[in-house]
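Undergrad: Below you will find the structure I want to go over with you.
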Amino acid sequence: MKSSTLVKTQTGFKKNIGSVGLPAKKELRKAIPPDYRREIVLADGTRLMVRPITCRDKKAFMRFHSQLSAQTRFLRYHYLKSEITEEDLKCFCDLDYVNSIALVVTKIQEKNADIIALGQFIRVPPDHTAEIALVVEDSMQGKGIGTQLLRHLAILARQQGIHHFVGEVLRNNGKMLSVFNKCDPGLEYEVDSPSTCNIITSVDQIINGY
């Protein structure tokens, strides 16, 4: 990673990510279809499904959150988030899929399967940039799910005219920093505080360098 000066955005992304209400350019940006499905295969041969989260996933999302360890919740939200509120459900599950997109990973064989991982980005000024966040269930971490999920998010972001992902990551979140650095060896970052850093990564590099 290399250090760079970044413009800090004002979305409060580490605590909450939802719609920013930016107008979509219909001739360029079309919402991804709700039946979007992609299969991923882990190194051990496990097959999983990547799909958009929907309003029907609210109970599954609450179960997913409840199963995350205290440490994983802290690394994701930067504070120990214990409960999911109605506003959280709206921000994570009711999206426009143009300016804000979230994908979940589930088991491929099971109907109404539990969520294993979730990744989301939200467009922020300037218009070709989006803030990104990922979280993977504790028992499934270290299997390459975050890396593959990030690539699928990058593919959809590129279709929406987004060129860079930015995010605020705890400096001791080595697993997440490793995911970003693996996908983009040219990852730029700026130390934001004794505990956090801002990162910026190229969407094209994530897609082509995977």
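The values are calculated or read from the model by the stated rules, or taken from the named source; none is laboratory data. In this text, all values refer to a predicted model and were calculated from it rather than measured experimentally. All Cβ positions, glycine included, derive from the backbone under ideal geometry; neighbour counts span all protein chains shown.
Undergrad: Being surrounded by fewer than 16 Cβ atoms within 10 Å (Cβ to Cβ), touching a residue at least 40 places away in the same chain (Cβ under 8 Å) and either at positive phi or β-branched (Val, Ile, Thr) (or both) is the filter here; which residues of the stretch 33-84 pass it?
TA: Correct list: Thr46 only.
A quick yes/no check of all residues on (1) touching a residue at least 60 places away in the same chain (Cβ under 8 Å); (2) in contact with a Phe, Trp or Tyr (Cβ under 9 Å, 6 or more places away or on another chain); (3) not β-branched (Val, Ile, Thr):
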| residue | (1), (2), (3) |
| --- | --- |
| Pro125 | yes, no, yes |
| Ala130 | no, yes, yes |
| Met140 | no, no, yes |
| Gly144 | yes, no, yes |
| Thr147 | yes, yes, no |
| His152 | yes, no, yes |
| Leu156 | yes, yes, yes |
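Undergrad: What is the one condition in (1) surrounded by fewer than 21 Cβ atoms within 10 Å (Cβ to Cβ); (2) outside any strand (DSSP E or B); (3) out of contact with any Cys (no Cβ under 7 Å at 6 or more places or on another chain) that Phe180 does not satisfy?
TA: Answer for Phe180: the failing condition is (1).
Undergrad: Is it the case, given these coordinates, that Pro185 is at pLDDT below 90, more than 15 Å from the chain's Cα centre (by Cα), farther than 20 Å from Leu75 by Cα and not aliphatic (A, V, I, L, M)?
TA: Answer is yes for this residue.
Undergrad: Read through the list (1) in a loop (DSSP other than H, G, I, E, B); (2) modelled with pLDDT of 90 or more; (3) of a type in the set (Gly, Ala, Ser), then give the number of the only condition that Gly12 fails.
TA: (2)
Residues are listed down the side, and each one gets a yes or a no for (1) of a type in the set (S, T, N, Q); (2) out of contact with any helix residue (DSSP H, G or I) (no Cβ under 9 Å at 6 or more places or on another chain); (3) surrounded by fewer than 19 Cβ atoms within 10 Å (Cβ to Cβ):
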position: Ala102; (1), (2), (3): no, no, no
position: Val105; (1), (2), (3): no, no, no
position: Gln160; (1), (2), (3): yes, yes, no
position: Glu168; (1), (2), (3): no, yes, no
position: Leu187; (1), (2), (3): no, no, no
